[in-house]
1. Relative contact order of the chain, please, whole-number percent, based on alpha carbon pairs below 8 angstrom and at least 6 residues apart.
2. Given 20 °C and 1.002 mPa s, compute D for region 18-63 with the Stokes-Einstein relation, Rh being the Kirkwood radius over Cα pairs; round to the nearest whole µm²/s.
3. Once phi is turned into θ = phi - 60°, what whole-Hz ³J(HN,Hα) does the Karplus curve with 6.51, -1.76 and 1.60 give for every residue of region 27-38, x standing for Gly and Pro?
4. Show me, for region 41-49, the HN-Hα J-couplings you get by feeding each phi into the Karplus relation (A = 6.51, B = -1.76, C = 1.60, θ = phi - 60°), rounded to Hz, glycine and proline as x.
5. What dipole magnitude, in Debye to the nearest 20, does region 29-100 give about its Cα centre under +1 on Lys/Arg Cβ and -1 on Asp/Glu Cβ?
6. DSSP loop (so not H, G, I, E, B), at most 16 other Cβ within 10 Å: list which trypsin sites (Lys or Arg not before Pro) in region 56-103 pass both filters.
7. Would you report the distance distribution of C-alpha pairs in the chain as whole percents per 5 angstrom bin, up to the bin with the largest distance?
8. With every protein chain present, what is the per residue accessible area of region 6-103 (1.4 Å probe, Å²)?
Amino acid sequence: SALKDSRFPPMTRDELPRLFCSVSLLTNFEDVCDYMDWEVGVHGIRIEFINEKGSKRTATYLPEVAKEQGWDHIQTIDSLLRKGGYKAPITNDFRKTIKLTRY
């Protein structure tokens, strides 16, 4: 990823001293009935949804992502939908169709 991930510019030599590594253990997966049933900064979330072409798609964020970005529930869900490739307008009715798993 440091050199070949098209989402990010390649790492430079000057950045090397500031690198750090962390590991996230993903445990305690719980399917929830409401896409709002999770806490920012506490839970990681994984969503499943059907995109505008009828294909099942998924996306996930670790627990720290929404908090670090300063996002609320809706901003996080909408960002995950875009991360998962959803291109249509996002409505509250569509958000209600999401299957959400928290961890």
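1. Numbers: 119 pairs, mean separation 36.6, N = 103.
Here the relative contact order equals 35 percent.
2. On the way: Rh = 12.9 Å.
The estimated diffusion coefficient comes to 167 µm²/s.
3. These are the phi-based 3J(HN,Hα) values: 9, 6, 5, 9, 6, 10, 8, 10, 4, 9, 8, 6 Hz.
4. Once θ is set to phi - 60°, the couplings for region 41-49 become x, 10, 9, x, 9, 10, 10, 10, 7 Hz.
5. Numbers: 11 positive and 12 negative charges, 100 e Å.
In total the dipole reaches around 480 debye.
6. Details: sites: K56, R57, K67, R82, K83, K87, R95, K96, K99, R102; in loops: K87, K96.
Here the sparse-neighbourhood loop sites are K87, K96.
7. Spelled out bin by bin, the chain gives 2, 11, 20, 20, 18, 13, 9, 5, 2, 0 percent.
8. Values: 6910 Å² over 98 residues.
Ligands and nucleic acids excluded, the figure is 70 Å² per residue.
The values are calculated or read from the model by the stated rules, or taken from the named source; none is laboratory data. On a predicted model such as this, the values are computed, not experimentally measured, just so you know. Heads up, the Cβs are rebuilt from the backbone with ideal geometry, glycines too, and the neighbour counts pull from every protein chain shown. The area values use the complete protein model at the heavy-atom level, side chains included, leaving out ligands, DNA and RNA. Shrake-Rupley method; radii C 1.70, N 1.55, O 1.52, S 1.80 Å.
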